[in-house]
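K.L.:
One structure follows; several queries about it will come next.
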Amino acid sequence: MNIIAKWYYRLGAPNWFYPLTGKMLPWIAVIFLALLIPGLYMGLFTAPADYQQGDSFRIMYVHVPAAWMSMFIYFAMAVAAVVALVWRVRMAEIMIISSAPIGASFALIALITGSLWGKPMWGAWWVWDARLTSELILLFIYLGIFALYNAIENKQTAGRAMSILTLVGVVNLPIIHYSVVWWNTLHQAATVSKFDTPSIHIDMLIPLLLMAAAFQFLYLWILLLKMRANLLEQDLHCGWVKKIIWDRRKAHNGGN
Amino acid sequence: MQEFFAMGGYGSYVWSAFGISFLIILINLVQPALQHRQAIRDADDFHHQEK
Amino acid sequence: MSSLWSLIRRDLLLAYRRRGEVGNALIFFGLVVLLFPIGIGASETLLAQIAPGLIWIAALLATLMSLDSLFKEDYQDGTLEQWTLSPHSLVAFVWARLISHWLITALPLVAVAPVLALTLNLPADAIGVLLLSLLLGTPVLMFVGAIGVALTTGLQKSSLLLPLLVLPFYIPVLIFGASAVEVSASGWSAAGQLYILAGLFVLGLTLAPFAVASALKVSVSQ
Amino acid sequence: MHYQAKQLSCKRGRKTLFSELSFELQAGQLLLIEGHNGAGKTSLLKLLTGLRMPEAGEILWQSRSIHDAHNDFRSKLSWLGHQNPLKDEQSALENLHTLSSFRPRNSISLTDALQEVKLGHAKHAQVKTFSAGMKRRLSLASLLVANTQLWILDEPQAALDKDGVALYESLAKQHLENDGMIVMTSHHPLNLPADRVQRLALGV
């Protein structure tokens, strides 16, 4: 079995996945902070203020990465859904249910920061802008996926039902987005789209890329935390959890 | 230092935006940790009886 | 393989023998439309302005309400299991069931819509486009909604889950349906919107049954 | 023709219903699955029919997995669950016609099948007016009109009176004699030739 298949197979086994990700967590957290701190520093302080929006444009440094992440996480979930449905990999289903709340949180961040960014410029907390509206719909799709999984007791069927819904969602997302964009142009005076990042100056771009990379590792960090918790919760009665408990107890007893 | 917080008059918007965002992120980090600790405790109880 | 038509005929026969239930979606449609003038006030100009969106939203909600009974009975009495285990493809069963359900519940909605449109003072020349947009749109609502129904059929408690799962996917149909009527009400041609609706129609009718079939297989394995 | 299960295991929620369950069934044999309620009988039947995938193990028909795409398992299987797949507003004949459309047909006509299960007189009556025993017999009639080899039945004698049970036993005997196979769950004692019956206890 070549190396990729071996990895792929072992990654699917909880008793291998749980300890391995346990070791990876600290490193991911460190990389996240290493990207976040400079990104925040440059975004808030050194990047020049925008000639039009002044300093309120700095909200972009959390709004835009969050919006990108909410889309990225959904497509990652869609890939996991294909894996879960075609090869019946349970770990992929755990990844989807663990990613859904994270995606919803990023969508919520994008919505809140979007309205905070819009308030000083147009005086309204909520603007039916194409991007904000499709972000709101994406939030509802995330909540739907989460609600479906929790409504079904048998986790095996819940995982498959959720994977199907995720795939149906990924087919619909582009359609929803473009119909909302079209609907927006119909109902609003044709102004430049409000959320296009302004013609970006290089010192403005670097913090944005840093923040985007930081959010990627943040997602990975929360995802692994969530997956380990869900896995442990679901496999409470399994042998591999018993082994982990006994190892912890041995280490604990050995300690004192 | 004072004008730094003012953020050119938009201070309340910028800081509340960053504040709320990191609050949501914090919740997303704390919740799985609590869930994990609770799962460990449940597993401990379950596997304890079967000494 | 019993042909598609014999399946549809059986469903229609069954619906005919249960005439009582069939009118529910229709009554709901009329009621929702009735609520708006009462709630928003019956000034002609205002009503005429919101009429297109209002009729479409009422039709959308009525279709959604009628979807609950799509597979529930077959799931409970075991017919769905018989279908899943038969050598015939489940997609054919889904096709037949959705067509017959559309004929039973959605077609009456489309027939009644012009009358309601007149009560809302919709300009007469928009009625034609209203009918066409509903004829193209309600099947998509039904086929896409059926995916949500199939996913939640296995649940004992009929919760509010179905609208939460399905409404986001109704948005494109609502956008183009309502604007087709609105544009034609103010005299312009609604060809663009209707073509897109036709596109959604074809997409829905060809892809959705496969998703419905695999969702039913999941619900049956509960 | 043989039907085999190897090291099946199935979980409901966190409880393991059964594991390492295996059996082998030849033509002309009956597998009787016994066990108290909640022991997982119906879950096992869902695995055996292929409605649900087992956590571990596999089920073979003609030594090929029943989930194999090009496997004729489903055209050789008749399934009857706990409920009767009947529509109250249809007559007995209409219901039987629908049920017969699910499986490849054999030469027995619908009316003969109804006579065989002693429902000939109620051919055009709506199932709404039927008693539970009559509904069960109507569902059993669907087995007679299908050209299938393997019957998987979940408590076939449920709601049947003494004559009904005797009727079912004769149908089963007849099916086994012409090389049919039956997998069934039951609470009632069953008088069928012992050499043809294999027993499997669950949740013991």
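Only the coordinates and a few stated rules stand behind these numbers; no lab work does. Please read these numbers as outputs of a predicted model, since none were measured by experiment. Note: ideal-geometry Cβ built from the backbone for every residue, glycine included; neighbour counts use all protein chains shown.
K.L.:
Per residue, how big is the convex hull around the C-alpha atoms of the stretch A:1-133? Give it to me in cubic angstrom, could you?
P.N.:
143 Å³
K.L.:
Moving to a separate point now. With no solvent and one point per C-alpha, what does the Debye sum give as log10 I(q)/I(0) for the protein assembly as shown at q = 0.07, 0.10, 0.12 Å⁻¹?
P.N.:
So the normalised log intensities work out to -0.63, -1.12, -1.34.
K.L.:
Something else about it: To make sure I understand, if each residue's beta carbon is the centre and we count other beta carbons within 10 Å, what order do D:Asp195, A:Asp203 fall in, fewest to most?
P.N.:
Ordered by Cβ neighbours within 10 Å, fewest first: D:Asp195, A:Asp203.
K.L.:
Shifting gears a bit: Across the Cα atoms of the stretch C:4-220, what radius of gyration and what greatest pairwise Cα-Cα distance (Dmax) are found, in Å?
P.N.:
Final numbers for Rg and Dmax: 17.8, 59 Å.
K.L.:
For the stretch A:151-167, in order, what is each residue's ³J(HN,Hα) by Karplus, 6.51 cos²θ - 1.76 cosθ + 1.60 with θ = phi - 60°, in whole Hz (x at glycine and Pro)?
P.N.:
After applying 6.51 cos²θ - 1.76 cosθ + 1.60, I find 7, 9, 6, 5, 5, 5, 6, 4, x, 5, 4, 5, 5, 4, 4, 4, 5 Hz.
K.L.:
Now, a different point. Rounded to a whole number of µm²/s, how large is the Stokes-Einstein D of the stretch A:41-98 at 20 °C and 1.002 mPa s, given Rh as the Kirkwood radius over C-alpha pairs?
P.N.:
Here the translational diffusion coefficient equals 154 µm²/s.
K.L.:
Sticking with this one: With a Förster radius of 35 Å, plug the Cβ-Cβ distance of C:Leu12 and A:Asn15 into 1/(1 + (r/R0)^6) and report the FRET value to the nearest 0.05.
P.N.:
Efficiency, from the Cβ-Cβ distance: 0.05.
K.L.:
Given 5 Å bins starting at zero, what is the percent of C-alpha pairs of chain A in each, up to the one with the largest pair distance?
P.N.:
Using 5 Å bins, I get a P(r) of 1, 6, 11, 14, 15, 14, 12, 10, 7, 5, 3, 1, 0, 0, 0 for chain A.
K.L.:
Relative contact order of the stretch C:4-220, please, whole-number percent, based on alpha carbon pairs below 8 angstrom and at least 6 residues apart.
P.N.:
Across the stretch C:4-220, relative contact order equals 28 percent.
K.L.:
What is the ratio of the Cα radius of gyration of the stretch C:119-174 to 2.2 N^0.38 Å, where N is its residue count, to two decimals?
P.N.:
After normalising by residue count via 2.2 N^0.38 Å, the value is 1.48.
K.L.:
To make sure I understand, if each residue's beta carbon is the centre and we count other beta carbons within 10 Å, what order do A:Glu93, C:Glu73, D:Glu116 fall in, fewest to most?
P.N.:
Final ranking by Cβ density, sparse to dense: C:Glu73, D:Glu116, A:Glu93.
K.L.:
At 0.36 nm per residue, and after removing the present C-alpha to C-alpha distance, how many nm does the segment from D:Asn147 to D:Ser22 gain when stretched out fully?
P.N.:
Using 0.36 nm per residue and subtracting the Cα-Cα distance, I get 42.3 nm.
K.L.:
How far apart, in nanometres, would the label points at C:Ala124 and D:Asp72 be if each is projected 7 angstrom from Cα along the Cα-to-Cβ direction?
P.N.:
6.6 nm
K.L.:
With labels modelled as points extended 7 Å from the Cα through the Cβ direction, what inter-label distance (nm, one decimal) is found for D:Glu58 paired with D:Glu34?
P.N.:
The modelled label-to-label distance comes out at 3.2 nm.
K.L.:
Here is a follow-up. Which distance in nm do the two modelled labels at C:Val202 and D:Asp195 give, with both placed 7 Å along the Cα-to-Cβ direction?
P.N.:
So the two model labels end up 6.6 nm from each other.
K.L.:
Still on this model: To make sure I understand the rule: partners must be lysines, Cα under 26 Å from the Cα of D:Lys123, and not fewer than 8 residues away in the same chain. Which ones qualify?
P.N.:
Filter leaves D:Lys87, D:Lys135, D:Lys162, D:Lys173.
K.L.:
How far is helix D:132-144 tilted off the main Cα axis of chain D, in degrees rounded to 10, range 0 to 90?
P.N.:
70 degrees
K.L.:
Moving to a separate point now. Which lysines have a Cα lying under 18 Å from the Cα of A:Lys226, excluding residues fewer than 8 positions away in the same chain?
P.N.:
Qualifying lysines at Cα under 18 Å: A:Lys23, A:Lys155.
K.L.:
Can you give me the angle between helix C:44-67 and the longest principal axis of chain C, using Cα atoms only, in degrees from 0 to 90, rounded to the nearest 10?
P.N.:
Tilt of helix C:44-67: around 0 degrees.
K.L.:
Moving on. Take the Cβ-Cβ distance between D:Lys128 and C:Ser3 as r, set R0 to 25 Å, and report the resulting FRET efficiency rounded to the nearest 0.05.
P.N.:
0.40
K.L.:
So, one more: What are the ³J(HN,Hα) values, in whole Hz, obtained from phi via the Karplus relation 6.51 cos²θ - 1.76 cosθ + 1.60 with θ = phi - 60°, for each residue of the stretch D:193-202 in sequence order, with x given for Gly and Pro?
P.N.:
x, 4, 5, 8, 9, 9, 10, 9, 9, 10
K.L.:
What is the set of long-range amide H partners of D:Val183 at a cut-off below 5 Å, with H atoms built 1.01 Å from backbone N?
P.N.:
Distant-sequence amide H within range of D:Val183: D:Leu31, D:Trp151, D:Ile152, D:Leu153.
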